[in-house]
Amino acid sequence: MTTLAIENLACSYNGKAVIDDLSLTLEHNEIVALLGPSGCGKTTLLRTIAGLQNISHGQISISDKVVSTPGKILASEQRNVGMIFQDYALFPHLTVAQNIAFGISKQSKSEQATRVESMLNLVKLQPFSARFPHELSGGQQQRVAIARALAYQPDIMLLDEPFSNIDSQSRFSIMLEIRQILKEHGVPAVFVTHSKDEAFAFADRLAIFNQGKIEQIGNAQDLYLRPRSPYVANFMGKTNYLAITDRGEQGITTRLGLIKPANGTPVNQSHSQVMLRPEKISLALDADSPFFIKHCFFGGSHWVYQVSDSRDPEFMLEAHAPEQWPVDACVGITVLSHELVTFS
Amino acid sequence: MFINLNIKWPAFSWLLSLLLFSPLLAIIWQSFGDDHNIFSHLWQTVLPDYLLNTLLVVIGVAVSSMLIGVPLAWLIAMCQFPMRGFFVWALLLPLAMPSYVVAYIYTDLFEYAGPVQRWLREFFSWQSPQDYWFFEIRSVSGAIAMLTLVLFPYVYLLARTAFLEQSTSLLHSSRMLGCSPWQSFVRISLPLARPAISVAIALVAMESLADFAVVNYFSVPTLTTAVYDTWLGYGSLAAAARLSAMMIAVLFVLISIERLGRSKQQLYQKTTGQETKERFELRGFNAFITVLFCSLIFGLAFLLPFVTLIDLAIDYFEQSWNEQFIQYSINSLMLATIVSVCCIVIGLLLSFYKRLSNQRYAYIPSKISSTGYALPGTVLAIGVLIPLSFLDHQLNELFEWLGREGPGLILSGSLFAIVVGYVVRFVAIAIGSIESSFNKVTPSLDMVSTTLGLSPLQMLIRVHLPLVRKGCFAAALLVFIESMKELPAALLLRPFNFETLATYVYQYVSDEQLELGALAAIVIVMVGLIPLIFLNRSLEQQH
């Protein structure tokens, strides 16, 4: 069963197209991250799913029921969708327990109490049920927002940059906690973020957004190793691009010499650039090499080197190495054998 | 702070603030004095009725302002309908209308000899007042209606801001949790706006408690008129002070409500910025009813009285444009200018002291100096008269002891009294405005200035003054306008034969001859419109 199906969606805001011919489906129990820089239309997409925004083309279905077509929008309150906002949007005049019970006010008092109790247990906030939102930390507020949305038993959860206001110390533990809660309850989710690290940790699949379109969708590893465009490659992490000077049976030739693809995977003959991640490049001290270290800094688990070419001062390449070498030291460069990604 | 001020700054600031605080102290002290049983006499005769009238007026105005102001605020903040852009600011204009002018105009319209009743009598061929029932405008309910017309904009303004500043994501959340727009209003918008509404209600209640002009004109005796009469009629400062102390007790309650509201407001009104508000589009019948409601209120509270004033002013221009009018305009301008300058200087000194002092209690001088604003004009006048007439007394005795003729009421009977009264009443505006400007100046500028070798005075002149200039200007303008409009304090404190525009207009209102004072009334209204333009512009920029 598909929980969410978006077909050929287009959407404009103040006469400007924000989303353009976008399609996306969400499987049962799946968490998809919409990843992209700010202003690329990912929040707008979330708002269209929530019924807070009109669409100009295409349709949106939730649990096989059409909820949005151009000119006909099912009201937000009838969609059974949960949403977590960047500012948590907790009602400041209600206590934690009252906030959680807000969406289930039609149930009997005892049912409400049981539900609130189990939600408080779930997010580990039982001692705080009588507190007001401003008396809680950011992470606690976030958990109340999750509990409130889950108490309503939504078909799908929408999260709009939910972790950006939480300090980096506790961000990842809260993310994993919430991911686990969503998974346990079998609630599928769409998660908007501009941080690839958050998307990696929280989502099953990532949709990379670029100017109102999904550039590429897939799991994290796939997007990192097999990006289909430099845009996706850059978004996923630091990348070096090298011009291909020659192609042969063995592999491709660049200024680093011959690079052999792993397992003999074919290389597109018309492409002119090869993409190399810094960790796929190995350095070793070599006094005869034309390459030398221009800058370096300690990156945590390794040293990060900016390597230049004495024949071509414009050239710059990033590589990682476990050892520390001085600036200006000459280094030889070897490309580790891996599946090569090339672009035109 | 890290700067060592020499003893002059703190001493001067504390002395100044104690002087500004002295009227309140004087009232409390004097209310324990001997009043020759006037107060107990009043208490056994008329005072219970006065108290009841006061309560009726205050509660009546508060409730009806809420009933008009909150719906208007919600419609303007959350809905889109024809002419909305006009009503946004037009509904603020009644604030500029002096209440006694509105009262006069409606009395003229609705009294027995007025056009409405005349027309009704003609139409139905009624002969005498016994033939029909018509409401009496010179009554408690009439006073409530008149005061509501000029005071409801407080509720409208604060509630509108509250609705606008509610985070959109809260309303969206409520919708996502299954609430319809109407349910969201009842469960989210209204509770969140409640602190702001209670602040507004407290302000409205304070203003109607302080009102002197309307109730006096309508002959509805209240505590304010009692204070006035006790002083002018019985000549008893002590009894007047006792009555004033009673009002201060009520004010204290109202101010506490206001403070509580404000502290909650900060919690409830938090926007994340850069949100676009979607308004509900009203069409057809709903739009018609909305526009009708807004137009009715605007018409009654501003358009009708203002057009009447202009009409009168044109008809009687020859008689109104005379030496008196020019003389009294000059009096008002001069008085307002002197008071503005005094308030700005005091505001600057106290704000600067508060900023630079490293003492724990440095916030107190500016706090206690601001108490005068909460006092009704009549009460404040009594508070100023008590210490000034005491000083006059001492001075005259001193002169007599020296064997010379005493100077008379040189303090309490001269322009000095009215200037002091106005300064005590309006310095709070200056302090508030200047302090908030000071708060916007980052403290690191002070540190830079000191490390670059500036003394506190040099820093005030070379760094702070240029930066808080705008706040000073705004404060001066507001104080100026309030001084132009102030009536009750002027009636009690003005020297013999000294008239301001406000007392001049009120004189004509009392004499049932507003046509001759219409020109002066228009000047007061126009002056009152100036801050509304600024207010509206700053609100538009925020949203």
>> Kindly evaluate residue B:298 against the criterion of being part of a helix (DSSP H, G or I), over 26 Å from the mean Cα position of the chain (by Cα) and either of a type in the set (Phe, Trp, Tyr) or in the same structural domain as residue B:169 (by TED's automatic domain parsing) (or both).
In response: no
> When only residues in the stretch B:485-522 that are over 25 Å from residue B:225 (Cβ atoms) and surrounded by fewer than 20 Cβ atoms within 10 Å (Cβ to Cβ) count, which is modelled with the lowest pLDDT?
Replying inline: B:515
> Only one residue in A:267, A:274 is within 22 Å of residue A:223 (Cα to Cα), assigned to a strand (DSSP E or B), touching a residue at least 40 places away in the same chain (Cβ under 8 Å) and among the β-branched types (Val, Ile, Thr), so which one is that?
Replying inline: A:274
>> Which numbered condition in (1) of a type outside the set (S, T, N, Q); (2) surrounded by fewer than 19 Cβ atoms within 10 Å (Cβ to Cβ); (3) touching a residue at least 12 places away in the same chain (Cβ under 8 Å) is the only one that residue A:33 fails?
In response: (2)
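Which is farther than 17 Å from residue B:177 by Cα, at pLDDT below 90 and within 12 Å of chain B (Cβ to nearest Cβ), of A:54, A:29?
From the options A:54, A:29, the qualifying one is A:54.
Please pick out the residue among B:254, B:232 that is in a helix (DSSP H, G or I), surrounded by fewer than 18 Cβ atoms within 10 Å (Cβ to Cβ), in the same structural domain as residue B:71 (by TED's automatic domain parsing) and of a type in the set (A, V, I, L, M). Can you show your working first?
Values: B:254 fails: surrounded by fewer than 18 Cβ atoms within 10 Å (Cβ to Cβ).
From the options B:254, B:232, the qualifying one is B:232.
Taking the stated definitions as given, is residue B:59 surrounded by fewer than 15 Cβ atoms within 10 Å (Cβ to Cβ), of a type in the set (Val, Ile, Thr) and part of a helix (DSSP H, G or I)?
So residue B:59 fits the description; yes.
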> Given the structure, is residue A:307 in a loop (DSSP other than H, G, I, E, B) and not assigned by TED's automatic domain parsing to the domain that holds residue A:219?
Replying inline: no
> Of all residues in the stretch B:320-362 being of a type in the set (Val, Ile, Thr) and more than 30 Å from residue B:507 (Cβ to Cβ), which is surrounded by the fewest Cβ atoms within 10 Å (Cβ to Cβ)?
Replying inline: B:345
> Being closer than 15 Å to residue B:210 by Cα, among the hydroxyl-bearing types (Ser, Thr, Tyr) and modelled with pLDDT of 90 or more, is that true of even one residue in the stretch B:51-61?
Replying inline: yes
>> All but one of (1) among the hydrophobic types (A, V, I, L, M, F, W, C); (2) within 14 Å of chain B (Cβ to nearest Cβ); (3) touching a strand residue (DSSP E or B) at 6+ places or on another chain (Cβ under 8 Å) hold for residue A:119; state the number of the condition that does not hold.
In response: (3)
> Quick one: in the stretch A:61-113, which of the residues that are more than 13 Å from every other protein chain (Cβ to nearest Cβ) and at positive phi is surrounded by the most Cβ atoms within 10 Å (Cβ to Cβ)?
Replying inline: A:63
> Given (1) under 21 Å from residue A:84 (Cβ atoms); (2) away from chain A (no Cβ under 11 Å); (3) basic (Lys, Arg), where does residue B:242 come up short, assuming only one miss?
Replying inline: (1)
> Is it the case that residue B:49 is outside the structural domain of residue B:201 (by TED's automatic domain parsing) and farther than 21 Å from residue B:509 by Cα?
Replying inline: no
> Of A:90, A:159, A:120, which residue is in the same structural domain as residue A:46 (by TED's automatic domain parsing), in a strand (DSSP E or B) and out of contact with any His (no Cβ under 8 Å at 6 or more places or on another chain)?
Replying inline: A:159
> In the list A:223, A:283, A:317, which residue meets the criterion of being crowded, with 18+ Cβ neighbours inside 10 Å, assigned to a helix (DSSP H, G or I) and not acidic (Asp, Glu)?
Replying inline: A:223
> What do you reckon, is residue A:176 more than 14 Å from chain B (Cβ to nearest Cβ), assigned to a helix (DSSP H, G or I) and surrounded by fewer than 15 Cβ atoms within 10 Å (Cβ to Cβ)?
Replying inline: yes
>> Whether any residue in the stretch A:129-152 is charged (D, E, K, R), in contact with a Lys or Arg (Cβ under 7 Å, 6 or more places away or on another chain) and at the interface with chain B (Cβ under 10 Å from one of its Cβ atoms) is what I want to check.
In response: no
> For the stretch A:124-137, how many residues meet the condition of being assigned to a helix (DSSP H, G or I), without any contact (Cβ under 8 Å) to a residue 40 or more places away in the chain and surrounded by fewer than 15 Cβ atoms within 10 Å (Cβ to Cβ)?
Replying inline: 3
> Do you know which residues across the stretch A:3-57 are under 20 Å from residue A:73 (Cα atoms) and β-branched (Val, Ile, Thr)?
Replying inline: A:3, A:6, A:18, A:19, A:25, A:43, A:44, A:48, A:49, A:55
>> Is it the case, given these coordinates, that residue A:293 is within 16 Å of residue A:242 (Cα to Cα) and either surrounded by fewer than 18 Cβ atoms within 10 Å (Cβ to Cβ) or in contact (Cβ under 8 Å) with a residue 24 or more places away in the chain (or both)?
In response: no
>> So, restricting to helices (runs of 4 or more DSSP H) that lie completely within the stretch B:125-221, which ones have at least 2 residues that are within 14 Å of chain A (Cβ to nearest Cβ) and surrounded by 23 or more Cβ atoms within 10 Å (Cβ to Cβ)?
In response: B:168-176, B:190-210
> (1) outside any strand (DSSP E or B); (2) in contact with a helix residue (DSSP H, G or I) (Cβ under 6 Å, 6 or more places away or on another chain): which one isn't true of residue A:107, the others all being true?
Replying inline: (2)
>> Quick test of your reading of the structure: residue A:18 fulfils all but one of (1) over 21 Å from residue A:155 (Cβ atoms); (2) within 14 Å of chain B (Cβ to nearest Cβ); (3) assigned to a loop (DSSP other than H, G, I, E, B). Name the failing condition by number.
In response: (3)
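The values are calculated or read from the model by the stated rules, or taken from the named source; none is laboratory data. Model, not experiment: these values are computed from the prediction. Backbone-built Cβ (ideal geometry, glycine too); neighbour counts: all protein chains shown.
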